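Reading through the structure tokens given below for one structure.
Bear in mind these aren't lab numbers, they're just calculated from the coordinates by the rules spelled out. Since we're looking at a predicted model, the values are computed, not measured. Note that we place each Cβ from the backbone using ideal geometry, even for glycine, and neighbour counts take in every protein chain shown.
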Amino acid sequence: MQIQLDSEKTPFDLHHTLSCGQAFRWEKRGDWWFGVVGEKILMIRQIGALLQFRIHPESVKTGILASYFRLSDDLPFIYSEIIKDTYVREAVEKFRGLRLLRQEPWECLISYLCATNKNIPAIKDMINNMCIRIGKKLTFRNEAFFTFPKPEALAKASVKELKQCKLGFRAERIKQTAKLIYEDTFDLEALRKMSYENAKEALLTLPGVGPKVADCVLLFSLDKLEAFPIDVWMKRIILENYSNHFEQSFAEKVAVKKSITPREYRIINSFGREYFGEFVGYAQEYLYHFKRCSP
């Protein structure tokens with residue numbers, strides 16, 4: 001199956017989108033990317049403006065692809081809104097076509113709980129271990145793939161079993177969160193209809209969810225493009241390139257710290273949302289990937 005895109009109206013770069021660190025379950029083999037989205041295995045590659053793909057189990061509907069890769073986002077317009085200076089312009093020009101993903105909220109939430117104080121290879125390892133041990137096995141081209149564990153499965157797994165997935169201290173938090181979701185005490189999908197502020201406040205009540213995890217879940221799975229996650233990379237980017245927007249004492253103090261307080265997070269987050277506007281989430285991902293790929 002294939003989708004022909006209009007590269008001017010719908011710029012899209014599959015490689016930039018899947019390698020920029022927003023999702024953890026994609027693997028590239030040759031020209032093809034392999035991933036599991038929900039209950040389906042996706043095999044996809046890009047040749048110019050042509051997307052070629054297979055979905056297993058097979059489906060006549062291609063909507064899963066358009067939704068997941070947010071192909072309806074008007075990137076040319078978004079670029080016009082977020083390019084406020086030469087630095088972000090350079091990032092956009094280098095990674096033109098990078099799109100935010102619309103991930104499944106449950107998987108996104110647990111993935112970013114795993115991401116606390118870990119690098120990307122370690123995050124992928126934890127998630128892969130959970131999927132193999134607790135997810136459902138799918139077979140495609142004589143190879144085993146695994147779905148992300150359902151809330152029920154993680155809620156009923158023992159803390160010992162979760163720690164065997166290399167989750168460490170995250171095991172108890174993930175089990176507690178899974179129980180809240182499984183027992184319908186917390187409705188993730190309901191957050192999509194809430195304002196950004198209310199949805200974030202709700203997420204912060206979950207075990208182990210801090211401002212950065214909440215913003216990641218809102219941005220990468222719940223359509224809150226005004227979310228602006230701040231990690232060590234983004235803190236460095238903001239203070240290296242936009243320090244003139246802060247009091248000098250604040251910038252100097254935060255620059256030398258490894259972590260930031262909730263108050264410091266709010267100050268940097270508020271700056272980003274005001275400076276870049278309603279699509280700040282896109283600005284964040286371009287700046288983040290640009291910094292990580294810079295020498």
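Here are a few things to note about the model shown:
- Computed over the chain: relative contact order in percent, which uses C-alpha pairs under 8 Å that are six or more apart: 19
- At R0 = 25 Å, FRET efficiency that the Cβ-Cβ distance of Ala255 and Ala122 yields, to 0.05: 0.45
- Structural descriptor for the range 105-221: relative contact order 28 percent, calculated from alpha carbon pairs under 8 angstrom and at least 6 residues apart.
- Global form of the range 105-221, assessed from the alpha-carbon gyration tensor, a/c cut-off 1.5: prolate
- In the range 123-230, chymotrypsin sites (Phe, Trp or Tyr not before Pro) in a DSSP loop with at most 15 other beta-carbon atoms within 10 Å: Phe169
- Each part gets one Cα centre, and for the range 222-272 versus the range 1-31 those centres are 29 Å apart.
- Simple point charges give the picture: +1 on the Cβ of Lys and Arg, -1 on the Cβ of Asp and Glu, and for the range 2-72 a dipole about the Cα centre of about 140 debye.
- Range in the chain, longest, excluding exposed trypsin sites (Lys or Arg not before Pro) [loop by DSSP; at most 12 other beta-carbon atoms within 10 Å]: 142-256
- Farthest toward the positive end of the dipole of the range 2-72, out of Phe12, Gly30, Leu50, is the Cα of Gly30, where the dipole comes from beta carbon charges about the Cα centre.
- The simple spin-label model puts a point 7 Å past each Cα toward its Cβ; for His56 and His245 those points are separated by 4.6 nm.
- Using a Förster distance of 41 Å, the FRET efficiency for Lys94-Glu183 (Cβ separation, nearest 0.05): 0.35
- Taken about its Cα centre, the chain carries a charge dipole of about 1160 debye when Lys and Arg each add +1 at the Cβ and Asp and Glu each add -1 at the Cβ.
- Net charge in the neighbourhood of Leu222 (other residues with Cβ under 14 Å of its Cβ; Lys, Arg +1, Asp, Glu -1) is -3.
- Value of [θ]222 nm, deg cm²/dmol, for the chain, DSSP H segments ≥ 4, -39500 (n - 2.57) each, nearest 500: -14000 deg cm²/dmol
- Calculated FRET efficiency for the pair Asp6/Ile267, C-beta based, R₀ 45 Å, to 0.05: 0.65
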